[in-house]
Amino acid sequence: MADPVVAIVGAGPAGLRAAQVLAEAGLRPLLVDEGHRAGGQIYRRPPPGAERPAADLYGFEAGRATALHDLADALAPRIDYRPGTIVWGLSGREPAGFDLDCLGPEGHDRIAADRLVLATGAMDRTLPFPGWTLPGVFTLGAAQIALKAQGMAIGRRVALVGAGPLLPLVAHQYAKAGAEVVAVLDVTPLKPKVMAAPRLAAMPATLAKGVWYTLRGALRGLPVRPGVRAVAVEGTMQVEALSFEDAGGRRHRIACDGVGASFGLRSEAQAADLAGCRFAFDPVTRQWQPERSAQGRASHPHVYLAGDGSGIGGADVAELQGERTALTLLADLGRPRDAAREARLDRLLARQARFRAALEAAYPYPHHIVESIADDEIVCRCEGITAGALRRAATERDASEMNRLKALTRAGMGRCQGRVCGHAAAEILAHHLRVPVETVGRLRGQAPIKPIPLREPA
Ligand SMILES: Cc1cc2nc3c(=O)[nH]c(=O)nc-3n(C[C@H](O)[C@H](O)[C@H](O)COP(=O)(O)OP(=O)(O)OC[C@H]3O[C@@H](n4cnc5c(N)ncnc54)[C@H](O)[C@@H]3O)c2cc1C
């Protein structure tokens, strides 16, 4: 019998390790990734000709990045690798398997696969605040992509706002690259970080990196402020300044021309949704995730999940899960098992899970911000829908569930399909209705899950 076609979506740490295991077992997996060079988000590679030393680009992670890039290069001839290719649609095939609608350098292609490994990673989680749609405001991830891929800063005087461990990291990377970082504003207080420190010490090397970034930032004079409130970007045609209230209630205004903002990460889980996977609500990160067993199985018997796309775990977890998930898939295909290798991965993953729980406690998702979002604030920027329109739909038109809210207001119906506004809209709706956020549900995934030219779906 011919080998099954295994399609892996995502060539970050998770997808690459999965591809490696499958190729070692003699399969020729299909690896589809929208990036032009494999590596994913954290190990993003600049375009050919614009390379810089790994130590400059990836700091402490230079060794891991180089190892993964070398792996990607070595794997390319042994797998069916499709770079620069977006999976924008996914549907079940009779009697089994999937069709992947892809848009790549050669145009549209519909690819058949028997099994799926979804390793689609994450993106920034946004929350609206005054001025967040002004030109010059980027997500933290986009600010980092500009630096890693193009060697550019988002402005001459840059302010960074939000929550999550990427905030001090991006501040450090910008300062190291020579950019002027005029403010690093953390909307979460210091206390949860101090409280979580003993549990974070369970992985001393990782904690040490975080402490180093913070101390290095302090030595460079980075103005880091925890517990800030009432952040607003000012400007008419573009960012001119940022104002905020500090933890003590004092008002400040800082001139700047670039703002990076992010309130943590959210899983890119739309492909899992289209594949028919069941989702569960994670009360810690307040997001719906495709269900994933410790061995990497999704609820759908032919779908496997790895990396941030099924729960934010970071790059090391992504690599471990990629390897573990591919071993599970091979076992399900009836291939011989390596029980010792599986057990070692399970132990490492359990240790990482304890560390991650502490990290989530240190950087809670600051959903309390929605209390202060004014009615005239844009929430869905694709369709221009305000917080007031969402609240009115809830009160006057009985929109108490996210898909009904979308149908009535068009929030989440634009080119991003709710990937940017969906979480914020759910928090606003839940807060307005005084119900737990999980009760308003989640936006169902719809093709196209990534923006594509209109002619493609036709
Ligand atoms: C912008 C950004 C920057 C980050 N920077 C850092 C950092 O500096 N340090 C750090 O520790 N962590 C960082 N993280 C977190 C880090 O990315 C992850 O922990 C790690 O990369 C997870 O690996 P992964 O393989 O699960 O996903 P990723 O590395 O995100 O790889 C997923 C890949 O799937 C591709 N993909 C997704 N959907 C599709 C689709 N429909 N079609 C085709 N391809 C698709 C993506 O383009 C990406 O290449 C960052 C996250 C983001 C979003």
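In segment 155-199, Cα pairs under 8 Å separated by at least six residues give a relative contact order of 45 percent. The alpha carbons of the chain occupy a box of 70, 54, 43 Å along the principal axes, longest dimension given first.
In percent, rounded to a whole number, the relative contact order of the chain is 17, using alpha-carbon pairs under 8 Å and six or more apart. Share of pairwise Cα-Cα distances greater than 19 Å in segment 171-228 is 36 percent (whole percent). Taking the Cα centre of the chain as origin and assigning +1 to Lys and Arg Cβ atoms and -1 to Asp and Glu Cβ atoms, the resulting dipole is close to 920 debye. Restriction of the trypsin sites (Lys or Arg not before Pro) in segment 275-380 to DSSP coil positions whose beta-carbon has at most 12 other beta-carbons within 10 angstrom yields Arg278, Arg337. So how tilted is helix 140-150 from the main axis of the chain? Cα-based, degrees 0 to 90, rounded to 10. Helix 140-150 sits roughly 60 degrees off the main axis of the chain. Annotation: Glu24 carries an accessible surface of approximately 100 Å², with a 1.4 Å probe and no ligand, DNA or RNA atoms counted.
Under the criterion of Cα pairs below 8 Å and six or more residues apart, the relative contact order for segment 159-313 equals 20 percent.
Shape verdict for segment 137-275, please, from the Cα gyration tensor: rounded (a/c under 1.5), prolate (a/b greater than b/c) or oblate. The shape class here is rounded.
Shape verdict for segment 230-383, please, from the Cα gyration tensor: rounded (a/c under 1.5), prolate (a/b greater than b/c) or oblate.
Details: a/c = 3.05, a/b = 2.26, b/c = 1.35.
It comes out prolate by the Cα gyration axes.
Charge tally for Ala393 (other residues, Cβ to Cβ under 14 Å; Lys, Arg +1; Asp, Glu -1): +1. Among the cysteines of the chain, those whose beta-carbon sits 4.7 Å or more from every other cysteine beta-carbon are Cys102, Cys256, Cys277, Cys382, Cys416. Toward the positive end of the charge dipole of segment 151-296, with +1 on the Cβ of Lys and Arg and -1 on the Cβ of Asp and Glu, the farthest Cα among Ser262, Gly221, Ala153 is that of Gly221. Farthest towards the positive end of the charge dipole of segment 379-458, among the residues Leu454, Met413, Ala425, is the Cα of Leu454, using unit charges on the Cβ of Lys, Arg, Asp and Glu.
Note on exposure: Cys277, Cys382 ranked by accessible area (1.4 Å probe, complete protein assembly) read Cys382, Cys277, with the most exposed listed first.
By the gyration tensor of its Cα atoms, with a ≥ b ≥ c the square roots of the eigenvalues, what is the shape of segment 221-262: rounded for a/c under 1.5, prolate for a/b over b/c, or oblate? Prolate, because a/c is 1.5 or more and a/b exceeds b/c. Model label sites at Phe60 and Ala361, defined 7 Å from Cα along the beta-carbon direction, differ in position by 2.0 nm.
Per-residue ellipticity at 222 nm from helix content only, as computed over the chain with -39500 (n - 2.57) for each DSSP H run of at least four residues, stands at -10500 deg cm²/dmol.
Annotation note: trypsin sites (Lys or Arg not before Pro) in segment 163-251 located in DSSP loop regions with a Cβ neighbour count of at most 14 within 10 Å are Arg220, Arg250. Relative to the current alpha-carbon distance between Arg415 and Glu456, full extension at 0.36 nm per residue lengthens the span by 13.4 nm. Computed from Cα positions, the angle between helix 191-200 and the longest principal axis of the chain comes to roughly 30 degrees. Other residues lying with their Cβ under 15 Å from the Cβ of Ala19 contribute a combined charge of -1, Lys and Arg counting +1, Asp and Glu -1. What's the angle, to the nearest 10 degrees (0 to 90), between helix 204-219's Cα axis and the longest principal axis of the chain? That works out to roughly 30 degrees.
So how much accessible area does Trp212 have, in Å² to the nearest 10, using a 1.4 Å probe? Around 110 Å² of this residue is reachable by solvent.
Between Arg93 and Arg199, the distance separating the two model label sites (each 7 Å from Cα on the Cα→Cβ line) works out to 4.4 nm. To the nearest 10, the accessible area of Thr188 is 0 Å² with a 1.4 Å probe. Cα centroids of segment 385-428 and segment 429-458: 9 Å apart.
Rounded to whole numbers, the Karplus 3J(HN,Hα) couplings from phi for segment 270-280 are 5, 5, 4, 5, 5, 6, x, 7, 7, 10, 9 Hz, using 6.51 cos²θ - 1.76 cosθ + 1.60 with θ = phi - 60°, and x at Gly and Pro. Modelled spin labels at Arg225 and Ile145, positioned 7 Å past Cα toward Cβ, are 3.0 nm from each other.
Measuring between their Cα centroids, segment 33-65 and segment 212-245 lie 27 Å from each other. Accessible area per residue (1.4 Å probe, heavy atoms of protein chains only) ranks Glu106, Glu377 as Glu106, Glu377, with the largest value leading.
Between Asp114 and Ala247, what's the calculated FRET efficiency when r is the beta-carbon distance and R0 is 51 Å? Round to 0.05.
On the way: r = 55 Å, r/R0 = 1.07.
Calculated value: 0.40.
Kindly sort Lys148, Lys450, Lys191 by accessible area of their heavy atoms, largest first, with the probe set to 1.4 Å.
Reading off the accessible areas and sorting them downward yields Lys191, Lys450, Lys148.
The values are calculated or read from the model by the stated rules, or taken from the named source; none is laboratory data. All figures in this text were calculated on a predicted structure; none of them were measured in a lab. Here the Cβ is made from the backbone with ideal geometry for all residues, glycine too, and neighbour counts use every protein chain on show. The accessibility values were calculated without ligands, DNA or RNA, using every heavy atom of the protein model including side chains. Shrake-Rupley method; radii C 1.70, N 1.55, O 1.52, S 1.80 Å.
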